[in-house]
Amino acid sequence: MQSADSYSTYSYLFLLLLPLLLLIFLRPHQKNRNKAPPRLPPGPWRLPVIGSLHHLINKPLAHRAMADLACRCGAPDVMYLQLGEVPAVVISSREAAREVLKAHDVTFASRPMGLSMRAMAHEGLGIAFSPYGHRWRQLRKICAVELLGAARVRSLRAAREDEAARLVSAFAAAAGSSESCGEPVNVSTRVAAFVADSVLRAIVGERFRRRDEFLEVLDEGLRSVKPGTSLGDMFPSSRLLCAISSTFRKDREFHRKITELVNCAIEQHQERKAAVAGDDDSIGDKDLLGVLLRIQKEGGGPDFHLDNGTLKAVVLDLFGGGSETTGTTLLWTMSELMRNPAVMQKAQAEVQHVLQGKERVTEDDLTGLKFLKLVIMETLRLHAPTPLLMPRECTEQCNILGFDIPQGALVLVNAWSMGRDPKYWDQAEEFKPERFEQVDVDYKGTYFEYIPFGAGRRMCPAIAFAEANMVLALAALLYHFDWQLPSGVSPSELDMEEDMGITVRRKRDLYLCPTIRVPPHVSS
Ligand code: HEM
């Protein structure tokens, strides 16, 4: 009896405590259930393991493929993709770009350090790949104040003008007379050589003796290196995939070769300095390597030492970042001008008017070339050389226009699709430089529908440097020559196919027939 009683007492107690027990046991579970799952941005359907990769396979022009996907899956602002193991978001509207690059700038101020980025940066991290923080801030300051600021760009003017004159001579040697149109000339190789010489001269202080090799390595690298697209980038936890990734090996090989050339550039600079000035440091500040070596000697900055690995990585950023972007833009500009003869005529008329019979184009003449600058702006709208900017990383979960962006997500901003979005631009696909006369827009990172140089803390620090080279070269080409397409090619048929590597450049070289309009000055 007693035991039956106690049984019923225990049962009674148990029944009484049951709700409490349930509450205790289920609470953590309940808590998880109450927590709303993250509201990811819309995106295309995903498969197990590979996520969204099947939507991008066989679509090498990622900026176009992503714009198309964003449109098809109803993600006009932010799209979610799962690239293997890596969460990624693609930003395609001005509003979303403003949120990422301005309102939450710090959260998105780092670059993802995937497998290929590590391969490209193995000697040490320069400006472009450094994680956001004290080290990057010190490097950026050096870049903005010492290397690429307006005063420094001005101080490199003589070398630029000399290289522009050589570019003109190279075309003049191959040009036809005013009576007969000459043979088609490879504009791509000559423009690439001009930009490389101008940038390398700014860095080394004189023409780099291994310039041809530099151009070869750069060309080969730009065709084969596609950062962020190796299997190892998409499945970072798989050692096997990382080990067998051929893209990774190519990235590494490219990096090895280009680093060897950087070492050679530093040696050449040191030899020259020793020959010209012995130990006199003042000569150093005439070129970018000299500036960097002086800063290294002075110690770097607060809590920061510019060690050799970092110095080389910075030179590499200038080496690689400087030439390809500028050259690509110049070639797209010439291509668009050939496809739009009325615009070419207007730009040439302005150049002829401003230069008025001079023998040589100098930078004194460039301030008056307002329309020419709009031509370059319009080219950058349609052909941003880095159409997805440079990748950013979301360093803590963040809400963008009502969507949760997971921590660690790769963030790509589609500057190319915004540049062509009819929401922002009338006749968006047309090449009409005049549009910038009517709208108050520039590319300094405040008009988020137009950001070929990026925006926010990590935007390109070299706008002045790039502009100086582009405007000078273009003015010289339009002043000294008339340009025709090879016979049988009409403007609308000009090949404009793109090739994606580190930049989006012309797939095939541009061939044009120059005839001399104003004979260039030949120095005795
Ligand atoms: C038409 C010419 C150029 C274009 C369109 C261009 C575009 C860009 C873009 C889109 C970025 C990434 C911005 C972002 O993440 O928001 C960038 C970064 C960078 N660019 Fe340029 N660039 C050009 C020329 C140059 C030149 C001539 C140099 C050097 C001589 C250069 C050096 C750099 C560096 C060092 C960074 C990394 C900045 C950082 O991460 O803090 N760029 N550029």
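The values are calculated or read from the model by the stated rules, or taken from the named source; none is laboratory data. This structure is a prediction, so every number in the text was calculated from the model and none was measured. With ideal geometry, Cβ positions are generated from the backbone for all residues, glycine too; neighbour counts draw on all protein chains shown.
Within the set of pairs 6+ apart or on separate chains, which have a first residue in the range 464-475 that is over 14 Å from Ala164 (Cα atoms), a second that is outside any helix (DSSP H, G or I) and away from the ligand (no atom under 11 Å from the Cβ), and C-beta atoms under 8 Å apart?
So the pair list comes out as Ala464/Gly149.
Enumerate the pairs (first residue in the range 288-299 and charged (D, E, K, R); second residue anywhere and surrounded by 15 or more Cβ atoms within 10 Å (Cβ to Cβ)) with beta-carbon separation below 6 Å, excluding pairs fewer than 6 apart on the same chain, so at least 6 apart or on different chains.
Between residues of the range 288-299 that are charged (D, E, K, R) and residues that are surrounded by 15 or more Cβ atoms within 10 Å (Cβ to Cβ), the close pairs are Arg294/Gly284.
Any idea how many residues of the range 367-388 are surrounded by fewer than 19 Cβ atoms within 10 Å (Cβ to Cβ), under 28 Å from the mean Cα position of the chain (by Cα) and under 20 Å from Ala165 (Cβ atoms)?
1
Working only within the range 358-385, note down all residues that are at pLDDT 95 or above and of a type in the set (S, T, N, Q).
Hit for the range 358-385 is Thr379, nothing else.
Between Asp68, Asp162, Asp105, which is of a type in the set (Asp, Glu) and either touching a helix residue (DSSP H, G or I) at 6+ places or on another chain (Cβ under 7 Å) or within 15 Å of the ligand (Cβ to nearest atom) (or both)? Let's see the steps before the verdict.
Details: Asp68 fails: either touching a helix residue (DSSP H, G or I) at 6+ places or on another chain (Cβ under 7 Å) or within 15 Å of the ligand (Cβ to nearest atom) (or both); Asp162 fails: either touching a helix residue (DSSP H, G or I) at 6+ places or on another chain (Cβ under 7 Å) or within 15 Å of the ligand (Cβ to nearest atom) (or both).
Being of a type in the set (Asp, Glu) and either touching a helix residue (DSSP H, G or I) at 6+ places or on another chain (Cβ under 7 Å) or within 15 Å of the ligand (Cβ to nearest atom) (or both) holds for just one of Asp68, Asp162, Asp105, which is Asp105.
Please pick out the residue among Asp482, Asp495 that is without any contact (Cβ under 8 Å) to a residue 24 or more places away in the chain and either touching a helix residue (DSSP H, G or I) at 6+ places or on another chain (Cβ under 7 Å) or of a type outside the set (Ser, Thr, Tyr) (or both). Talk me through it step by step, then tell me what you get.
Numbers: Asp482 fails: without any contact (Cβ under 8 Å) to a residue 24 or more places away in the chain.
Matching residue, one of Asp482, Asp495: Asp495.
Go through the residues of the range 177-191 one by one and say whether even a single one is farther than 23 Å from Gly488 by Cα and modelled with pLDDT under 95.
Checked the range 177-191: no residue is farther than 23 Å from Gly488 by Cα and modelled with pLDDT under 95.
What are the pairs with Cβ atoms under 6 angstrom where one residue, in the range 46-71, is touching a residue at least 24 places away in the same chain (Cβ under 8 Å) and acidic (Asp, Glu) and the other, located anywhere, is surrounded by fewer than 16 Cβ atoms within 10 Å (Cβ to Cβ) and in a helix (DSSP H, G or I)? Sequence gap at least six, or different chains.
none
Checking Arg118 against (1) over 21 Å from the mean Cα position of the chain (by Cα); (2) assigned to a helix (DSSP H, G or I); (3) away from the ligand (no atom under 12 Å from the Cβ); (4) not hydrophobic (A, V, I, L, M, F, W, C), only one condition comes out false. Which one?
(1)
What's the number of the condition Ala347 fails, among (1) surrounded by fewer than 19 Cβ atoms within 10 Å (Cβ to Cβ); (2) over 23 Å from the mean Cα position of the chain (by Cα)?
Only one criterion in (1) surrounded by fewer than 19 Cβ atoms within 10 Å (Cβ to Cβ); (2) over 23 Å from the mean Cα position of the chain (by Cα) is unmet by Ala347, namely (1).
Name every residue in the range 71-102 that is aliphatic (A, V, I, L, M) and either more than 16 Å from the ligand (Cβ to nearest atom) or farther than 11 Å from Leu410 by Cβ (or both), in order of residue number. Give the derivation first.
Filtering the range 71-102 for residues aliphatic (A, V, I, L, M) gives 75, 78-79, 81, 83, 86, 88-91, 96-97, 100-101.
Ala75, Val78, Met79, Leu81, Leu83, Val86, Ile91, Ala96, Ala97, Val100, Leu101, listed by residue number.
Determine, yes or no, whether Ala88 is crowded, with 24+ Cβ neighbours inside 10 Å and at pLDDT 95 or above.
Values: crowded, with 24+ Cβ neighbours inside 10 Å: yes; at pLDDT 95 or above: yes.
When the stated conditions are applied, Ala88 passes them.
Could you tell me whether the range 272-281 includes any residue that is within 16 Å of the ligand (Cβ to nearest atom) and in contact (Cβ under 8 Å) with a residue 24 or more places away in the chain? Break it down stepwise before answering.
As a first pass, look at the range 272-281 and keep what is within 16 Å of the ligand (Cβ to nearest atom): none.
Checking the range 272-281: not a single residue is within 16 Å of the ligand (Cβ to nearest atom) and in contact (Cβ under 8 Å) with a residue 24 or more places away in the chain.
Name the one entry in Glu146, Glu123 that is modelled with pLDDT under 90 and within 16 Å of the ligand (Cβ to nearest atom).
Working: Glu146 fails: modelled with pLDDT under 90.
None of the other options fit; the residue is Glu123.
Give me the pairs: first residue in the range 132-145 and touching a residue at least 40 places away in the same chain (Cβ under 8 Å), second residue hydroxyl-bearing (Ser, Thr, Tyr) and outside any helix (DSSP H, G or I), beta-carbon distance under 7 Å, and six or more apart or on different chains, which are they?
If the second residue must be hydroxyl-bearing (Ser, Thr, Tyr) and outside any helix (DSSP H, G or I), the pairs left are Tyr132/Ser110; Leu139/Ser130.
Only one of Ala164, Ala128 is buried (at least 16 other Cβ atoms within 10 Å of the Cβ) and outside any helix (DSSP H, G or I). Can you tell me which? Steps first, please.
On the way: Ala164 fails: outside any helix (DSSP H, G or I).
Going through Ala164, Ala128 in turn, the sole match is Ala128.
For His480, only one of the following conditions fails: (1) within 30 Å of Val89 (Cβ to Cβ); (2) over 24 Å from the mean Cα position of the chain (by Cα). What is its number?
Result: His480 fails condition (1) only.
Being more than 9 Å from the ligand (Cβ to nearest atom), within 30 Å of Ser188 (Cα to Cα), β-branched (Val, Ile, Thr) and touching a helix residue (DSSP H, G or I) at 6+ places or on another chain (Cβ under 7 Å): is that true of Thr329 here?
Numbers: more than 9 Å from the ligand (Cβ to nearest atom): no; within 30 Å of Ser188 (Cα to Cα): yes; β-branched (Val, Ile, Thr): yes; touching a helix residue (DSSP H, G or I) at 6+ places or on another chain (Cβ under 7 Å): yes.
In short, no.
Go through the residues of the range 307-319 one by one and say whether even a single one is near the ligand (Cβ under 9 Å from one of its atoms) and within 28 Å of Leu374 (Cβ to Cβ).
Within the range 307-319, the subset near the ligand (Cβ under 9 Å from one of its atoms) is 314, 317-319.
From what is left, the residues that are within 28 Å of Leu374 (Cβ to Cβ) are 318.
There is at least one residue in the range 307-319 that is near the ligand (Cβ under 9 Å from one of its atoms) and within 28 Å of Leu374 (Cβ to Cβ).
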